[in-house]
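Here the structure comes first, spelled out in structure tokens, and everything after it is commentary.
The values are calculated or read from the model by the stated rules, or taken from the named source; none is laboratory data. On a predicted model such as this, the values are computed, not experimentally measured, just so you know. No Cβ is skipped: glycine too gets one built from the backbone with ideal geometry, and neighbour counts run over all protein chains shown. Accessible surface areas use protein heavy atoms only, side chains included; no ligands, DNA or RNA. Shrake-Rupley method; radii C 1.70, N 1.55, O 1.52, S 1.80 Å.
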Amino acid sequence: MSGANAGGRPAAMTGTFRRHVPADMRELVAGIERQRILLAQARALGDQAAELECMTAIGHQLFMSGRESEAAPLLDEALELARRRADRKAEIEVLLGLGTARQYLGERKLAQLLFGEALMLCAETGLREQEHFLLHHRGRCFVEQGEIAKARAAFENALAIRKALGNQRFIDSTQAALDDLEAL
């Protein structure tokens, strides 16, 4: 995935920076429909844990498919449910998705608040599974805000975590984002 959009201009100059494009959009849309069926079943059964899981999955799939205007209200609802259930792990994951949806809607200040809140929860709870994703997404958002030094710091922190985890795909993604900063 390149950091440039059509015309070879760095993506940050056109509004987004290194937005992930799913390899199989049809499969992603089919996944949304499968999750909607599971969500309806969970609601019918009153299974809040399954409901939260489905809403979060659908929200993430919606923003990945370019439907962030649908994702945001669903993720707002999921965030309320995660907080009512005091499910901090789910809350962090929902904040990541909601922040990303808000970022894609151009609401970058709100996105940064959501990413920051999730990072605080990671630190407070020790639930750090999403931390590298949050830092990477936060870095992308900083680029879009023209805050290159803050973006670099976020990417460098994400990269350190990703190197410790040893996931080469994630390492490569964050390294490419750092490399693309030089083009800006």
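What helices (runs of 4 or more DSSP H) lie completely within segment 52-127 and have 1 or more residues being closer than 18 Å to R34 by Cα? Give the steps one after another, and end with the answer.
Values: elements: 68-84, 88-104, 108-125.
Here the list reads 68-84.
Here is a list: A101, A154. Which entry is over 25 Å from C54 (Cβ atoms) and surrounded by 15 or more Cβ atoms within 10 Å (Cβ to Cβ)? Let's see the steps before the verdict.
Numbers: A101 fails: over 25 Å from C54 (Cβ atoms).
It is A154.
Search segment 161-184 for residues that are touching a residue at least 40 places away in the same chain (Cβ under 8 Å) and pair each with any residue that is hydrophobic (A, V, I, L, M, F, W, C) and outside any helix (DSSP H, G or I) when their beta-carbon atoms are under 9 Å apart and the residues are at least 6 apart or on different chains.
Sorted first by the residue in segment 161-184, then by its partner, the pairs are S173/M1; A176/M1; A177/F17; D180/A4; D180/F17; A183/A4; L184/F17.
What are the residue pairs meeting all of these: first residue in segment 29-44, first residue over 14 Å from T56 (Cβ atoms), second residue surrounded by 16 or more Cβ atoms within 10 Å (Cβ to Cβ) and of a type in the set (S, T, Y), Cβ atoms under 8 Å, and 6 or more apart or on different chains?
The qualifying pairs are V29/S65.
Results for (1) hydroxyl-bearing (S, T, Y); (2) open to solvent by 20 Å² or more (accessible area, probe 1.4 Å); (3) on the phi > 0 side of the Ramachandran plot; (4) in contact (Cβ under 8 Å) with a residue 24 or more places away in the chain, shown as yes or no for each residue.
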site: K89; (1), (2), (3), (4): no, yes, no, yes
site: L96; (1), (2), (3), (4): no, no, no, yes
site: T125; (1), (2), (3), (4): yes, yes, no, yes
site: H132; (1), (2), (3), (4): no, no, no, yes
